[in-house]
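Comments concern the structure below.
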Amino acid sequence: MKKKTGIKDQTNSNGGNLGFESELFKAADKLRGNMEPSDYKHVALGLIFLKYISDSFEAKHKALMADDVQAAEDKDEYLADNVFWVPKEARWSHLQASAKLPSIGTLIDDAMRAIEKDNESLKGVLPKDYARPALNKVMLGELIDLISGIALGEEGDRSKDVLGRVYEYFLSQFAGAEGKRGGEFYTPRSVVRVLVEMLQPLPDPARGVAGRVYDPCCGSGGMFVQSEKFVQEHGGRIGDIAIYGQESNYTTWRLAKMNLAVRGIDSDIRWNNEGSFHKDELRDLKADYILANPPFNISDWGGDRLREDVRWQFGVPPVGNANYAWLQHIYHHLAPNGTAGVVLANGSMSSNQSGEGDIRKAMLEADAVDCMVALPGQLFYSTQIPACLWFLARNKNPGKGLRDRRGQVLFIDARKLGVLVDRTRRELTDEEVQKIADTYHAWRGEDGAGEYADVAGFCKSASMDDIRTHGHVLTPGRYVGTGDLIKDDESFEERMTRLTAELGEQLVESANLQATMRDQLKLLGFPIAELEQ
């Protein structure tokens with residue numbers, strides 16, 4: 001007889017679709033009551049994490065008991081297999097049996113403390129405020145019962161995968177519920193997949209690539225989870241790549257540590273509240289792959305205290321906008337054959353304010369930019385600002401396996417792609433993600449990627465002479481042409497959304513142009529204040 005979760009048939013619903021995760025989240029969200037999503041997130045995710053490490057421990061304990069009873073009580077046996085040691089009072093079975101007790105909050109807090117005490121890498125990571133009076137203990141017991149059904153009847157890697165998927169899905173749903181605040185810890189999965197599929201973060205000894213992956217503003221760790229998935233999908237194993245990250249928000253750093261632990265991913269993720277600019281925790285790291293979604297257009301990044309920094313190879317970034325500080329910080333941390341993918345606001349492609357145009361020109365003339373991708377609007381939980389992807393490369397002639405791309409930049413205009421998943425948000429389909437990535441791989445000349453060809457309205461390989469003609473502006477629409485103005489299957493609502501996003505981009509570019517004109521007129525001595533009255 002098949003075991004039941006109390007939600008759906010576990011055997012039929014743990015496959016590739018999101019039915020199981022979606023139903024589980026709906027059930028968990030009903031238990032939330034009037035509690036804010038930002039608070040409930042830590043309650044639910046902490047319990048899912050506790051279930052994961054307990055299940056992993058129990059599976060390893062069972063296997064050791066079958067071979068050697070004495071070894072089953074040796075912590076080192078678990079650490080050697082990347083399994084956390086879980087003392088008896090912290091195991092899920094104990095908490096589940098006590099779920100209806102008024103003291104359940106205290107029991108969970110004690111379990112979290114016991115786990116941190118016995119596992120150095122988890123110190124300061126786990127939530128320990130389940131006993132607070134404001135937290136409904138009946139709800140807590142029901143949530144434990146609900147989570148008890150996750151991966152019921154599954155064992156080993158299958159159980160880990162189910163719990164990992166649930167954790168990731170809950171993260172995405174909480175990000176949506178929190179809106180702008182949610183965007184601070186979560187990058188939409190389809191955007192992360194574009195970065196991962198284009199960069200292909202695998203060890204490649206033939207090209208001098210060791211497989212070091214870095215994110216200087218790693219949020220809840222989604223870039224790392226997708227990178228490890230990519231490795232596994234291509235015949236590798238977890239641990240084939242080395243994970244490095246930094247995060248300035250302590251709460252978000254804790255989410256990342258749990259997110260990676262649920263996936264069984266070892267990592268070196270540092271936290272400090274000063275951030276990567278002012279306290280570069282991994283100062284000497286040179287990464288093969290960097291994936292990052294920095295906060296857009298940050299104006300209070302403290303740039304006035306970093307005027308002489310070694311990272312500003314292409315020019316000192318303006319104190320009023322961190323976009324070009326992020327780009328240069330990331331380029332600075334690339335290994336000799338390293339590549340990077342960075343999410344930024346569209347204004348970064350054309351802005352000439354405060355010297356940004358000069359920095360962009362210097363980066364282009366130094367051949368640091370490999371590819372630019374304009375994304376469709378409405379992809380992000382946190383902002384309606386249109387975004388783009390910058391791909392940077394330390395060496396555009398890396399030899400074996402790739403063609404010489406020096407003096408060239410690939411432009412991809414993906415603004416017409418994506419499907420609406422609700423009234424306010426859009427996602428790129430798997431086929432669209434693959435289309436973008438395949439175009440990039442063909443252009444780079446990778447084996448088996450096929451021949452590259454420009455496609456009007458979608459992609460264009462531009463020379464530096466072309467780019468100079470456009471004043472070193474990197475907006476893909478300037479290079480790829482118009483192509484088909486309307487998708488055959490584009491609905492009126494989708495068309496209006498796309499056109500509204502394009503209008504927003506043009507208004508931003510117009511504002512940048514006006515600012516540049518004002519700066520030039522000031523240099524010529526024109527009375528700008530009088531003209532603006």
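The values are calculated or read from the model by the stated rules, or taken from the named source; none is laboratory data. All values reported here derive from a predicted model rather than from experimental measurement. Positions of Cβ are backbone-derived with ideal geometry, glycine not excepted, and every protein chain shown enters the neighbour counts. We work out accessible area using only protein heavy atoms, side chains counted, and drop any ligands, DNA or RNA first. Shrake-Rupley method; radii C 1.70, N 1.55, O 1.52, S 1.80 Å.
Of note:
- Across the stretch 121-131, coupling constants 3J(HN,Hα) worked out from phi with the 6.51/-1.76/1.60 Karplus curve, θ = phi - 60°, read 5, 9, 4, x, 9, 7, x, 9, 10, 6, 8 Hz, and Gly and Pro carry x.
- Relative to one another, the C-alpha centroids of the stretch 215-259 and the stretch 330-351 are positioned 19 Å apart.
- Given R0 = 56 Å, the distance between the Cβ atoms of K117 and D465 translates into a calculated FRET efficiency of 0.30.
- In Å², nearest 10: area of K416 left accessible to a 1.4 Å probe: 40
- The heavy atoms of T429 present about 40 square angstrom of accessible area, all protein chains included, probe 1.4 Å.
- Beyond 29 Å in Cα-Cα separation lie the following of the pairs K30/K123; K75/K160; K30/K117; K123/K279; K160/K416: K30/K123; K30/K117; K160/K416.
- FRET E, pair A131, D68, Förster distance 45 Å, beta-carbon r, rounded to 0.05: 0.75
- Extension gain for the segment K279 to D81, taken as residue separation times 0.36 nm less the Cα-Cα distance, is 68.0 nm to one decimal.
- Working from label points 7 Å from Cα in the Cα-to-Cβ sense, the R307 to E446 distance is 4.4 nm.
- Amide H contacts under 5 Å for I269: G245, restricted to partners 5 or more places along the chain or on a different chain, H placed in the peptide plane at 1.01 Å from N.
- Principal axis dimensions, the stretch 362-430 - Cα atoms, whole angstrom, descending: 46, 27, 17
- The HN-Hα couplings worked out from phi for the stretch 246-257 by the Karplus form 6.51 cos²θ - 1.76 cosθ + 1.60 (θ = phi - 60°) are 9, 8, 8, 8, 4, 5, 5, 4, 5, 4, 5, 4 Hz, whole numbers, x standing for Gly and Pro.
- Simple point charges give the picture: +1 on the Cβ of Lys and Arg, -1 on the Cβ of Asp and Glu, and for the stretch 34-173 a dipole about the Cα centre of about 540 debye.
- When each of K286/K460; K128/K229; K51/K137 is checked by Cα-Cα distance, pairs over 23 Å: K286/K460; K128/K229
- Distance between the C-alpha centres of the stretch 113-134 and the stretch 367-430: 39 Å, rounded to the whole angstrom.
- What the Cβ-Cβ distance of T106 and R403 gives, at R0 = 56 Å and to the nearest 0.05, is a FRET efficiency of 0.35.
- Solvent-accessible area, 1.4 Å probe, carbon plus sulfur percent, for the stretch 346-462: 45
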